[in-house]
Amino acid sequence: MSAILTSPRDRQGLRGAPFDPKPPASPNPPDIAERLEALWREAPGPLGWFGTVDHKTIGIRYIITSFVFLILGGLEALVMRIQLAQPNATTLTPEQYNQLFSLHGVTMIFLYAMPVLSGFSNYLWPLMLGSRDMAFPRLNALSYWLFLGAGIFLYASFPLGAAPDGGWFGYVPNTGREFSPGPNIDIYTLGLIFLGISTTVGAANFVVTLLRMRAPGMSVNRLPILIWGTLTASIANLFAVPAVSLACLMLWLDRNQGTHFFDIAGGGQPLLWQHLFWLFGHPWVYAIVLPAMGMVSDALPVHCRRPLVGYTLVATATVATMVVGFGVWLHHMFATGLPVLALSFFSAASFVIAIPSAVSVFSWIATIYTGRVRLTVPFLFFASVILLFVIGGVSGVMTASLAFDWQLTDTYFIVAHLHYVLIGINLFAVVGAIYHWLPKMSGRMMDERLGRWVFGFMFLGFNLAFLPMHWLGLIGMPRRVWTYGADMGFSTTNLVISIGAFVFAIGILLFLINIATALRSGRPAGPDPWGAPTLEWAISSPPPVYNFAIIPMVASRHPLWEDALDEGADRSRLATGFLLDNGKETLGVTPLDGEPDVILKMPGDTLLPFALSVATLILFSALLFRNGWIAAFGGAAAILTLILWFRPHQAPEAREKVRIYE
Amino acid sequence: MSETRTLDDTLPVHGRGQIGTPWWGMLCLFATEGILFAYLIFSYAYLGSQGYSDWPPYGPPSLSLSIPATILLVGSSFVLEWAKRSSRRGKLGLGRLGLGTAILMGAGFVTLSLKEWADKPFGLADSSYSSIYFLLTGTHLAHVALGLAALIVLLVWSLVGRVGAGHEQHRTLATWYWHFVDVVWLFVFATVYVSPRLI
């Protein structure tokens with residue numbers, strides 16, 4: 001195996017030269033490259049900028065935008081930590097504190113955690129699958145523009161002091177008109193419905209892409225785990241998002257049209273909100289970690305220089321986690337006075353879900369233990385994911401116990417748990433993934449020495465900030481309260497937590513500097529700087545706009561490690577295959593076996609997704625101001641755009657001759 | 001030496017039915033919209049079982065308009081399917097005739113539904129029952145209206161020649177969406193009109 005898996009350290013004699021000086025494993029002959037480039041490249045100027053449907057551009061935009069929201073949410077957290085650093089502080093008023101913790105939660109959960117994974121999946125899916133784009137490129141652009149529009153919508157009222165202030169979960173009756181008369185909650189309800197459209201169209205695109213847009217031979221048992229993770233999350237989103245959209249629509253109607261869905265006076269049921277919200281909320285929690293766990297499962301083995309241990313178990317556990325994840329929503333409602341039978345069932349289900357969740361952890365540990373580890377920065381981040389996941393997972397399974405949950409619900413123990421899970425499995429995995437895949441995206445390596453400082457600050461800062469929160473919760477400090485008394489015994493711990501938060505923030509700042517210097521003057525990466533096995537490393541860094549000049553034919557799970565692993569006579573063929581240069585086109589395959597069965601003509605640049613998002617933004621803004629005429633205008637514009645979207649073109653030839661390169 | 005070759009083998013372009021990608025996209029739409037109605041029906045049942053002792057508080061809704069409306073909507077699905085199959089066999093005139101008939105039947109459903117709304121003794125904001133009644137039937141009615149708009153656009157395109165014999169995909173997708181809306185109605189009908197008479 002060592003032939004292709006030499007460590008970067010071994011090559012440092014070539015300072016300034018690419019890490020991987022070899023040409024890409026998937027050839028890109030100049031004459032074909034020129035023809036494909038002309039067919040696929042974006043138009044210059046605004047049409048190309050607003051009209052691009054390239055999954056790589058969209059993926060990078062997703063990542064950058066979600067990082068902007070991560071920084072905004074982080075700054076909100078820092079302001080809160082200044083307020084909480086000392087007892088009886090008055091930096092913030094209670095109302096400002098409510099808005100900050102609500103917007104912090106909404107931002108991190110909805111505008112960072114899911115979109116950043118959509119970004120990675122958008123960028124990586126076609127490259128890993130050996131395809132040229134996603135199944136529906138225009139839908140892909142739409143999901144990004146809608147995400148951006150919903151983010152702007154949710155944030156527009158923040159400078160005016162009217163941001164959502166009912167928590168990310170928005171419980172009624174606190175969020176009803178009686179107790180929240182301002183526009184804050186209307187923005188929350190409409191904003192979540194708006195964002196839900198983006199999530200749904202994006203999820204549908206991932207599902208169809210997985211089923212149809214793969215290289216020949218990429219059967220389901222050869223898919224990278226990231227694909228399994230995002231696929232599972234996408235199917236879950238299709239089924240979960242309508243629950244929260246419906247709940248938000250009902251709350252908006254209750255607040256604006258006088259309906260009685262949640263209002264007890266008219267026969268409504270406040271708990272209906274919690275059921276609908278958590279029917280969505282818990283699957284969503286898994287949707288924002290499973291793709292991140294997938295990235296760890298794919299990238300960690302590269303730095304251990306061996307395949308992932310227990311691929312089949314990890315893939316099936318990913319799906320199993322989500323299936324059980326639909327049956328545990330009631331554990332968010334243990335303290336609401338539900339019947340004991342229901343509580344017992346959901347408590348049991350919440351214990352059971354620990355089993356599939358833990359499979360990946362053991363698989364990662366075994367991979368490290370049996371591998372030959374390279375102590376790179378991505379490895380440090382991925383390995384720390386294991387530790388943080390175990391801490392967050394154990395504190396989670398503890399609260400599956402009713403008695404324990406009743407004691408700790410609404411305390412800082414839960415805050416500690418959810419941050420260990422979300423930052424531990426999502427953010428640490430994402431930062432590791434940036435170190436791992438930025439060389440592919442930009443063609444440049446990130447500096448390892450600065451990266452170690454980044455890891456040190458982030459890891460120490462994070463644990464300093466969140467480990468003591470367990471203790472605070474155990475001694476009874478309630479969450480979502482703007483201050484505490486000096487005599488309560490919370491003061492020192494809170495000061496330590498605030499210091500930890502700033503140390504963590506320094507780590508993030510250094511991380512951004514690390515990216516900036518890499519983009520400006522990083523060492524060239526070459527096609528495969530880590531010696532990784534999957535198809536995205538078979539093409540140049542950054543990849544050409546059409547990804548693969550010759551569509552690869554896949555014969556194993558590790559197309560670039562076949563010689564080193566020597567598992568059989570079958571070899572993937574990268575230099576021979578379908579050419580597909582008769583227009584902007586790619587290959588579709590059968591859902592399970594990956595047999596080629598159709599040629600798909602791909603759309604070029606188009607302004608329709610952008611226009612549809614603007615129309616949607618107008619529609620939702622009009623609903624917020626309850627202006628019927630403008631809402632009707634926005635709706636009509638949206639329908640008109642959809643008609644243009646689906647307008648038929650000249651029916652293409654029914655069949656096309658196959659062109660191959662050999 | 002490497003070279004490019006054109007084989008005699010051919011592959012379909014875009015493909016029809018399950019060979020193409022839009023069929024699978026439509027399946028995703030059905031999944032997410034179907035579950036939306038499941039959540040609506042769950043909300044109806046939750047409000048009914050946890051709240052009022054009398055549900056519906058106004059007695060079971062009348063069947064005098066909803067039965068004819070149901071017959072119109074379900075019938076329109078059969079007419080539309082016949083229209084699609086006629087077009088596939090190249091009989092575009094028959095296809096347009098069937099499409100137009102289905103549109104009229106769908107419009108009849110919308111008219112009857114609006115008439116039933118207007119005749120109700122209660123309004124949207126009267127109680128939890130009135131709220132979920134209008135939201136459940138209204139969400140469905142909005143889907144019918146959207147499907148109707150799609151069928152009208154399809155008819156116009158067919159009349160002006162934009163959709164021809166080769167555009168099987170467009171006809172198929174619009175037809176499937178209409179079928180889906182019909183099937184959903186059967187669940188809505190069972191919830192709102194049938195279940196109060198059984199329980």
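The values are calculated or read from the model by the stated rules, or taken from the named source; none is laboratory data. Source: prediction; values computed, not measured. Cβ atoms come from the backbone with ideal geometry, glycine included; neighbour counts cover every protein chain shown. To get the accessible areas, we keep the full protein, side chains included, count just its heavy atoms, and leave off ligands, DNA and RNA. Shrake-Rupley method; radii C 1.70, N 1.55, O 1.52, S 1.80 Å.
Express the carbon and sulfur contribution to the solvent-accessible surface of the protein assembly as shown as a percent, rounded to the nearest whole number, probe 1.4 angstrom. Ligands and nucleic acids excluded, carbon and sulfur give 69 percent. Backbone geometry of the range A:216-224 corresponds, through the Karplus equation with coefficients 6.51, -1.76 and 1.60 at θ = phi - 60°, to 3J(HN,Hα) couplings of x, x, 7, 7, 4, 7, 10, 6, x Hz, x marking Gly and Pro. Averaging Cα coordinates gives a centre for the range A:537-559 and one for the range A:466-515; these two points are 45 Å apart. Taking 7 Å steps out from each Cα toward its Cβ at A:TRP645 and B:VAL183 produces label points 2.2 nm apart.
Using 30 Å as the Cα-Cα cut-off, could you pick out the over-long pairs in A:LYS584/B:LYS91; A:LYS440/A:LYS601; A:LYS440/A:LYS584; A:LYS601/B:LYS84; A:LYS56/B:LYS84? With Cα atoms farther than 30 Å apart: A:LYS584/B:LYS91; A:LYS56/B:LYS84. In the full protein context, the range A:408-491 carries 35 Å² of accessible surface per residue, based on a 1.4 Å probe and ignoring ligands, DNA and RNA. Per-residue extension of 0.36 nm, minus the Cα-Cα distance of A:LEU519 and A:PHE50, leaves a gain of 166.5 nm for this segment. The phi torsions of the range A:382-395, fed into the Karplus equation with coefficients 6.51, -1.76 and 1.60 and a -60° offset, translate into couplings of 5, 5, 5, 4, 4, 4, 5, 5, 5, 4, x, x, 5, 5 Hz, rounded to whole numbers, with Gly and Pro shown as x.
Between A:ALA354 and A:ALA17, the simple spin-label model (points 7 angstrom out along Cα→Cβ) gives 5.3 nm. Each DSSP beta bridge with both residues in the protein assembly as shown is either parallel or antiparallel, and the antiparallel ones are about 95%. The three principal axes of the Cα atoms in the range A:427-482 give end-to-end lengths of 50, 20, 17 Å, sorted in falling order.
Between A:ARG571 and A:THR91, the FRET efficiency from the beta-carbon distance, with R0 = 41 Å, is close to 0.05. Max-minus-min Cα coordinates of chain A on each principal axis give 74, 58, 49 Å, with the largest extent listed first. Shown is the FRET efficiency for A:GLU42 and A:VAL373, computed with R0 = 30 Å from the Cβ-Cβ distance and rounded to the nearest 0.05: 0.15.
Seen from A:THR606, the other residues with C-beta closer than 13 Å to its C-beta sum to a net charge of 0, counting Lys and Arg as +1 and Asp and Glu as -1. If R0 is 45 Å, the Cβ-Cβ spacing of B:ARG162 and B:ALA125 corresponds to a FRET efficiency of close to 0.55.
What the Cα atoms of the range A:390-470 give is an Rg and a Dmax of 16.3, 53 Å.
Take each residue in B:19-30, count the other chain C-beta atoms within 10 Å of its C-beta, and the mean is 6. Could you give log10 I(q)/I(0) at q = 0.17, 0.21 Å⁻¹ for the range A:23-165, computed by the Debye formula over C-alpha point scatterers of equal weight, without solvent? Scattering profile of the range A:23-165, log10 relative to I(0): -0.96, -1.24.
Taking 7 Å steps out from each Cα toward its Cβ at B:ILE152 and A:ASN582 produces label points 4.0 nm apart. By the Kirkwood approach, averaging reciprocal distances over each pair of separate Cα atoms, the range A:325-384 gets a hydrodynamic radius of 14.2 Å.
With θ taken as phi - 60° and the Karplus curve 6.51 cos²θ - 1.76 cosθ + 1.60 applied, the whole-hertz 3J(HN,Hα) list for the range A:368-375 is 5, 5, 9, x, 10, 6, 10, 7 Hz, x standing for glycine and proline.
Using bins of 5 Å that start at zero, the share of Cα-Cα pairs per bin across the range B:57-142 amounts to 3, 14, 19, 18, 14, 10, 8, 6, 4, 2, 0, in whole %. In percent, rounded to a whole number, the relative contact order of chain B is 29, using alpha-carbon pairs under 8 Å and six or more apart. The equivalent ellipsoid of chain B has semi-axes of 41, 21, 12 Å, largest first, where each one is the square root of 5 times an eigenvalue of the Cα gyration tensor. The charge dipole of the range A:132-252, taken about its Cα centre with unit charges on the Cβ atoms of Lys, Arg (+1), Asp and Glu (-1) only, comes to about 640 debye. Just how far, in whole angstrom, is the range A:327-349 from the range A:29-45 if you go by their alpha carbon centroids? Their Cα centres are 57 Å away from one another. Each Cα pair under 8 Å and six or more residues apart adds its sequence gap; the mean of these over the residue count of chain A is a relative contact order of 22 percent.
Chains A and B together bury roughly 4900 Å² of accessible surface, counting both sides and using a 1.4 Å probe on protein heavy atoms. Ranked from largest, the principal axis spans of the Cα set of the range B:86-197 equal 52, 22, 17 Å. An ellipsoid equivalent to the range A:357-494, defined through the eigenvalues of its Cα gyration tensor, has semi-axes of 33, 19, 11 Å when rounded to whole angstrom and sorted largest first. Quick note on the range A:155-194: its Rg to Rh ratio, both from C-alpha atoms and Rh being the Kirkwood radius, is 0.93.
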